[in-house]
Structures are given as C-alpha cells and as structure tokens.
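Please read the structure below before turning to the comments.
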Amino acid sequence: MRSKDKIAYFYDGDVGNVYFGPSHPMKPHRLCMTHHLVLSYELHNKMEIYRPHKAYPVELAQFHSADYVEFLNRITPDTQALFSNEMVKYNLGEDCPVFENLFEFCQIYAGGTIDAARRLNNQLCDIAINWAGGLHHAKKCEASGFCYVNDLVLGILELLKHHARVLYIDIDVHHGDGVEEAFYFTDRVMTVSFHKYGDMFFPGTGDLKDVGEREGKFYAINVPLKDGIDDTSFCRLFKLVITKVVETYQPGAIVLQCGADSLAGDRLGCFNLSIEGHAACVRLVKNLNLPLLVTGGGGYTKENVARCWTVETGILLDAELPDEIPENDYIKYFAPDYSLKIPSGPMENLNSKSYLNSIRQQVHENLRSIQHSPSVQLQEVPPDFYIPDFDEDEQNPDERVNRHKKDKQIQRDDEYYAGDNDNDHIMDDA
C-alpha cells in the first residue's frame, strides 16, 4: 500500500460555459457544478489543482486525422451552412452540433487528460482527475455521441510512452466504442466496458463476442448488461471481472472512465445504480494501487453528476464527506433535501443471476486464452510531444501578459487554488 496518494486535479472554468443548444441533453454546466461542490467540501485543499493547457491541433492529430482536426478548428455556427458535405462526412449535426467555442472546448478537455497522463508518467502524482474528460465515442475521423475529440485515446497514447500495458475501464451506461475501436488490434491496451446492450441502445456495439482482432484478440472485454442493474449485481460482477483482468493482464497504469449516466434516474440512462454503488467501483480500482487517470463521461441529470463526481473525488482522496451539502453557488440545484448521496430507484433488474454468471464465465474463459500478460520491450521512451512555449528568460517581468497568452503557459502563476491570485478564492471562502 502507498502511504498517501498524491492527487492532481485538472479544471478550467471555461469548459463549463459552452452550450450545446436548448434541447440538447449534454450540459457542460454540470462541470461547474461539480467543481463548486468539490470546493464547498474543501477537497481542493487536499490535492494539487491545475488549469490544463489547451491541446494543440498537432497533439489532437496524434489520434485524429489532421483534416478532421482542421475542420473542427475552422467550423463555426455562422459558417456551418457552407460546409454541408463536410458536416455529413465528419458526423456533425443533431447529436454533435456546432456551437460557439467548440474547438476551444475540445482543446480544454483533451488538454486536461493529456496533462493528467504526463503527470502520471513523470511520477508527479499517483492519481490524476479530469472530470471534463471521458468523451469515449469520438472516432479517428468523426464525431459521435456528443463527443468530438477522444481525450481518452490521447491520454492512453501518452501513458503508452512509459507503460508496456495500459488498462482502460469504462462504467458509463454507453459502450466505450471509440476507445475500443482505437486499440482493437493491439495487446498494449486492454479495454473493459460495462454498458447497456440491446434494444437499439446507442451506440449498438459492445457485444460479449466482440473481443478484439489480430494481436488484440481477447484484449477487448465487453460486459453487455440489461436495464435496471442494481448496486449488488453490478458491483459483484465488476469486482470479479476487474480483479481477474488485473491479475492476468498486469497493467502498468489504469484509465477509468466514470460516466455518471449509469446512475438511477439519469435522463438517458436505464441502470439503477446509487452513487454509493457507482463509487464502490472507483474505490476498488483506486485500491489496486496502480497509476490511475480518472475522467468523467456521460451524465445527463446534472445535479446527480455533480454529486457523483464529488463523492468519487472524496474517495480518491480518502476523505469522508458529510451527506449534507455545504452552501455553494449552485445549492438550489440540490433542493429539496440537499443531500450528497442518492439511492437507487424502484426499477426492475432484468439481469438474472444466471445471465450475469454466464458473462463472468465467458470473460474468464477469454482471459485464459491470453495465458499471461504480453511481453513488450520498450526500447526508448519518446519525449512528450513538442509544445510551443515561452522562453522565461526572454520575458519582461514588467510587461503585462494578457489572459490569453497566460493561459497558454502550462505552468501558471495561479495554478494552485491558494493565495491572492486565486481566481476562485471567493468560493474558497464560502
């Protein structure tokens, strides 16, 4: 056991200010709510807080095609009508609308996950958190399922510079199809997704028999579930699968996508997990004591998303949180009971014990096909991707640096929430 985990937490307030549109279920505002709830519980005092750098197009193109990245950078709500063919080609439109500051939004959430991976690689922290990340549906050349840039793939690619094997775990109600597809042919990444499958549920992939191909055969694990799965069933299966996966695969690092749409009462979800059930999965993965990158994901009942990711921040910090939510800027959203935990609902669990047991047996059988973890020789660790930056010696300390230029600096003067330069000191006082 490590004596005390060092936690790095990434957040930029601008990520919560974008607006997908009036009828769109994705509300990035949930990220502001989460952050202020984290502050109200004073969890920021127990971890290092960073504003992520905005990922450069050349960084995004480490996975995505250069033409797709360039189009995301160029398209605006005012010009989208001029690019109808490209809108279709890149799957932009109803599910993935073009909105103001779309590309900057992608740069921020992707930058957070990339920075998180780099801090883990450089052993500057044990656990890195980016609740703005976890957009697991985006593909190499197109947007999908409210996701434009797949920050998870970019983060895993960073981790692979230092680790022979990376384990990806996904507890979003939707299949982690974009991440699985990116690594479907390699044994360097094992993807494990627990998700609703069947009944034309988005994205329609993630069958038990989809196990990877070529060198990646048996390195994709899918746990397809039916409506109404509850804490007892989900947590038991999660523990049995993940324990066996880690024992067999022996990863050097783990990426955990904590989509909160698997909670009871989610606008788009159909599972019946309480926050405590969802968080139990996070606790189990934390207790594996491996370098851990934690992201958000789906979640469309925003007050419950904020509750869930705050509880899970507390778990990662080994902090006990009182159930009564402290005063904060978004307190009205947690009425009428103002409690942190939410229970599961009265929903019927359509996952029988025999069905879940058959999944467990098949997963264990597939893992036996691996025999032992793959042997990967790492010759030389490539450097972090070159980022244009300032030469500090050439900067005039008397010259005022504007906000935009300052935000480009990875190491910021006010990256910690402490002191007079703290942008959120008002919330700290609250």
Quick one: what are the phi-derived ³J(HN,Hα) couplings along the range 321-331, Karplus 6.51/-1.76/1.60 with θ = phi - 60°, whole Hz, x for glycine and proline?
10, x, 6, 7, 5, x, 4, 7, 4, 10, 4
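Once Rh for the range 171-296 is found with the Kirkwood sum over Cα pairs, what is the Stokes-Einstein diffusion coefficient at 4 °C and 1.567 mPa s, in µm²/s? Each step should come with its number before you reach the end.
Details: Rh = 14.7 Å.
Rounded to a whole number, D works out at 88 µm²/s.
Over the range 165-219, with the other protein chains present, what is the accessible area per residue in square angstrom, probe 1.4 angstrom? Mind dumping the intermediate values first?
Values: 2060 Å² over 55 residues.
Heavy-atom SASA per residue in the range 165-219 reads 37 Å².
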Of L292, A264, G206, which is farthest on the positive side of the dipole of the chain, counting Cα position, with +1 on Lys and Arg Cβ, -1 on Asp and Glu Cβ, and the Cα centre as origin?
G206
Per 10 angstrom bin, beginning at 0 and ending with the bin that holds the maximum distance, the Cα pairs of the chain fall in percents of 4, 22, 33, 27, 11, 2, 0, 0
Find how many whole Å separate the alpha carbon centroid of the range 320-360 from the alpha carbon centroid of the range 152-225.
26
Checking rank on 323-330, 154-161, with mean other Cβ inside 10 Å and highest first, the result is 154-161, 323-330
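Measure off, as a whole percent, the carbon and sulfur share of the 1.4 Å-probe accessible area of the range 230-324, all protein chains present. Before the final figure, lay out each step's value.
Numbers: 1300 of 2830 Å².
In the range 230-324, the share of accessible area belonging to carbon and sulfur is 46 percent.
For the chain, return all DSSP H helices satisfying: extent of Cα atoms along own axis at least 24 Å; mean Kyte-Doolittle hydropathy at least 0.0. List each step's numbers first, then the result.
Working: long enough: 102-121 (29 Å, 0.21); 231-249 (26 Å, 0.49).
What comes out of the filter, once short or polar helices are dropped, is 102-121, 231-249.
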Based only on Cα atoms, what Rg/Rh ratio does the range 279-329 have, Rh being taken as Kirkwood's radius?
0.99
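Could you give the dipole magnitude of the chain about its Cα centre, charging the beta-carbon of Lys and Arg +1 and that of Asp and Glu -1, in debye to the nearest 20?
Numbers: 41 positive and 66 negative charges, 345 e Å.
About 1660 debye.
Ranked highest first by the average count of other Cβ atoms within 10 Å around their residues, in what order do 301-307, 187-193, 20-26, 285-291 fall?
Values: 301-307: 23.3, 187-193: 24.9, 20-26: 13.6, 285-291: 17.3.
Listed from highest to lowest mean packing, they are 187-193, 301-307, 285-291, 20-26.
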The range 249-275 to the range 1-63: how many Å between their Cα centroids?
17
Total charge dipole magnitude, the range 62-127, about the Cα centre, Cβ charges on Lys, Arg, Asp, Glu only, Debye to nearest 20
260
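Starting from the Cα gyration tensor of the range 130-219, multiply each eigenvalue by 5, take the square root, and state the resulting semi-axes largest first in whole Å. Provide the component values of the computation, followed by the final result.
Working: eigenvalues 77, 56, 25 Å².
Equivalent ellipsoid of the range 130-219: 20, 17, 11 Å, largest first.
Ranked from highest to lowest mean number of other Cβ atoms within 10 Å per residue, what is the order of the peptides 163-172, 332-341?
163-172, 332-341
Beyond a 32 Å Cα-Cα separation, which of these cross-linked pairs lie in this structure: K54/K286; K4/K244; K161/K209; K89/K209; K89/K286; K161/K353? Kindly include the intermediate steps, with their values, before the conclusion.
Numbers: K54/K286 28 Å; K4/K244 26 Å; K161/K209 30 Å; K89/K209 29 Å; K89/K286 40 Å; K161/K353 41 Å.
Long pairs (Cα-Cα over 32 Å): K89/K286; K161/K353.
The values are calculated or read from the model by the stated rules, or taken from the named source; none is laboratory data. Since we're looking at a predicted model, the values are computed, not measured. Every residue, glycine as well, gets a Cβ built from its backbone with ideal geometry; the counts of neighbours run over all protein chains shown. Just the protein is used for accessible areas: all its heavy atoms, side chains included, with ligands, DNA and RNA removed. Shrake-Rupley method; radii C 1.70, N 1.55, O 1.52, S 1.80 Å.
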